[in-house]
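Just so you know, all these numbers are worked out from the coordinates, no wet-lab data involved. Computed from a predicted structure; not experimentally measured. Virtual Cβ from ideal backbone geometry, glycine too; neighbours counted across all protein chains shown.
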Amino acid sequence: MPMIPDHPKRYQLSNELHARPFPRLSSPACATFLALTDGCQDGPIDKDKQRSELIRLLDRFGAPHPQPGATHYSGPLGKQNLKWELHTEFVTYTLFGGRNAEVAPERAFDPVTFGGFPAEWLAAYDGLCVTSVLINIETQTDDSAIDKRVESWLVRESLSVSRVLDDALVIAGDFRIDPTGQMRFAAFARPETGPGRIGRVVQRLCEIETYKAMSMLGFSKARDMAVRISQLDASLTTLIEDMGRGENQADDTLKSLLGISAELEDLMARTNYRFEATRAYAALVHQRIEILREEPFAQRQSFAEFMMRRFDPAMRTVAATQQQLNGLTQAATRAGELLRTRVDVARSAQNQQLLESMDRRSDQQLRLQSTVEGLSVVAISYYAVNLVTYMVAPMTTSMNVPKTLALAVLTPAVVCLVWLVVRRIRKRAH
């Protein structure tokens, strides 16, 4: 039986589901995570450029290159393992490595301990850092010891601690940038927790921080636009009020309205991509936290509670800004329609006045035409009578008929005949 041809992308799409396997980590361990982007412009990153940056890093350690067009890579990098992922707007580098168990707990987040990315490579990287994270993984069963360590490592005000995955691990973080420019997260695994589960939790922590950072880009743009949006709102409100009172000329109002509408459309065009991306990233943040199945730990706030208090208001601000922009744009459109209706009504009134004026002029022209026709009958009759007189003069002379009598007889007949001819011509013309 002949095989049915496969869709050209069947294997590619199937393999995409398995392209980014979770790392496997044994406690104690550490992870260094970087999320990088091309620049400040919204939109997809240059993927070829990012692959070149990856190859430049791999060449420093003599590591094998990824496949052409790859969107992910995993492999050894010196004494650690590298995981590289290429996303739409950013690229991530994660270094995983074991940690000396004798390292003092108070130095668990020492940048030297987590060193792995060459300083020369970082200095020459052509892009921007979205977020940088240090993650410390330990084996610990004593809750009081965990509480003391996170108190010493992280900032109490924003500290979030939770039991996750049915108490398989305890995770902690304060979502603050430390003096070295890094975010800090800690994961305390139970002795029976396997490396696969530890790796998934570490991956979720990196994703939560990355998507949170990308979401906040939209909040920054919304906050920068707030003043200008308020000004446009006030200007549009004033313009609509003036339209209602009819204080301004339609041309001036239309010019002002077009200026406001053009600026609103420009703002929407420049922010729509970022606001929609922010909404998608925010949904991913909550989804990743939900997957962890958080449980309370020592009366500390959970990651979900932190996001509800600190992150969600920022996302509501973005949504409100987008709604305000849409509302202003719709209001400007409705104002334009009202102004168009007002202009149409004014034009209809002008057209009615013009038609009435044309009717009056037509009536005047008709009267003038009738007067002219009467005068033309007289003029034509005058010349016609003279011509007829010359024609009948010989006969009137031979018959001894006076000329005045002949004119008296001929004039009414000629006038009647001319009047009939002119009337017939006018009737045919109409």
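Determine which lysines satisfy two conditions relative to Lys9: a Cα distance under 30 Å, and not lying fewer than 8 residues away in the same chain.
Lys47, Lys49, Lys83
Between Glu305 and Glu265, how high is the FRET efficiency from 1/(1 + (r/R0)^6) when r is the Cβ-Cβ distance and R₀ = 51 Å? Nearest 0.05. Display every interim value, and only then the final one.
Numbers: r = 40 Å, r/R0 = 0.78.
Calculated transfer efficiency: 0.80.
Two decimals is fine: what is log10 I(q)/I(0) at q = 0.12, 0.14 Å⁻¹ for the chain, from a Debye sum with one equal scatterer on every Cα and no solvent?
So the normalised log intensities work out to -1.05, -1.25.
Quick one: what do you get for the range 240-378 if you divide its Cα Rg by 2.2 N^0.38 Å? Don't skip to the answer; put the middle values down first.
On the way: Rg = 32.0 Å, N = 139, 2.2 N^0.38 = 14.3 Å.
Against the empirical 2.2 N^0.38 Å value, I get 2.23 for the range 240-378.
Quick one: length gained pulling Asp48 to Ala283 fully straight, 0.36 nm per residue minus the C-alpha distance?
Values: separation 235, 0.36 × 235 = 84.60 nm, distance 2.85 nm.
Extra length from Asp48 to Ala283 when fully extended: 81.7 nm.
Please compute the contact order of the chain in relative form: average sequence separation of alpha-carbon pairs under 8 Å and at least six residues apart, divided by the residue count, as a percent.
On the way: 481 pairs, mean separation 62.3, N = 430.
The normalised contact order for the chain reaches 14 percent.
So how strong a dipole does the range 197-355 carry about its Cα centre when Lys and Arg Cβ are +1 and Asp and Glu Cβ are -1, to the nearest 20 debye? Spell out each step's value before the answer.
Numbers: 22 positive and 20 negative charges, 156 e Å.
My answer is approximately 740 debye.
When the Cα centres of the range 141-203 and the range 18-57 are compared, how far apart do they sit, in Å?
With the range 141-203 and the range 18-57 each reduced to a Cα centre, they are spaced 22 Å.
What helices in the chain pass both tests, a Cα length along the helix axis of 27 Å or more and a mean Kyte hydropathy of 0.0 or higher, using whole DSSP H runs?
What comes out of the filter, once short or polar helices are dropped, is 403-429.
If I build a Gaussian network model for the chain, linking alpha-carbon pairs within less than 10 angstrom, which residue out of Pro28, Pro412, Pro296 has the largest mean-square fluctuation?
Pro412
Which value, in nm² and rounded to one decimal, describes the direction-averaged projected area of the C-alpha convex hull of the range 18-194?
Numbers: hull surface 45.3 nm².
Quarter of the Cα hull surface area: 11.3 nm².
Using a 7 Å offset from Cα along Cα-Cβ at Asp167, what residues in the range 174-208 end up with backbone N under 12 Å from the label point?
Taking a point 7 Å out along Cα→Cβ of Asp167, the residues of the range 174-208 whose backbone N falls under 12 Å are 190.
Quick check for me: using +1 on Lys/Arg Cβ and -1 on Asp/Glu Cβ, what's the dipole size of the chain about its Cα centre, in debye to the nearest 20? Please list the in-between numbers first.
Details: 51 positive and 50 negative charges, 442 e Å.
It comes to approximately 2120 debye.
Once you've got the GNM for the chain with C-alpha springs shorter than 10 Å, pick whichever of Leu417, Leu205, Leu82 has the biggest mean-square fluctuation.
Result for the chain, Cα springs under 10 Å: Leu417 fluctuates most.
Of Val345, Ala213, Phe311, which is farthest on the positive side of the dipole of the chain, counting Cα position, with +1 on Lys and Arg Cβ, -1 on Asp and Glu Cβ, and the Cα centre as origin?
Value computed over the given set: Val345.
Picking from Ala349, Ala29, Ala186, which is most flexible by a Gaussian network model of the chain using Cα springs under 10 Å?
Largest GNM mean-square fluctuation: Ala349.
So if R0 is 35 Å, what FRET efficiency would Gln364 and Arg245 give, r being the distance between their Cβ atoms, rounded to the nearest 0.05? Write out the running numbers ahead of the final one.
On the way: r = 40 Å, r/R0 = 1.14.
The pair Gln364/Arg245 has a calculated efficiency of 0.30.
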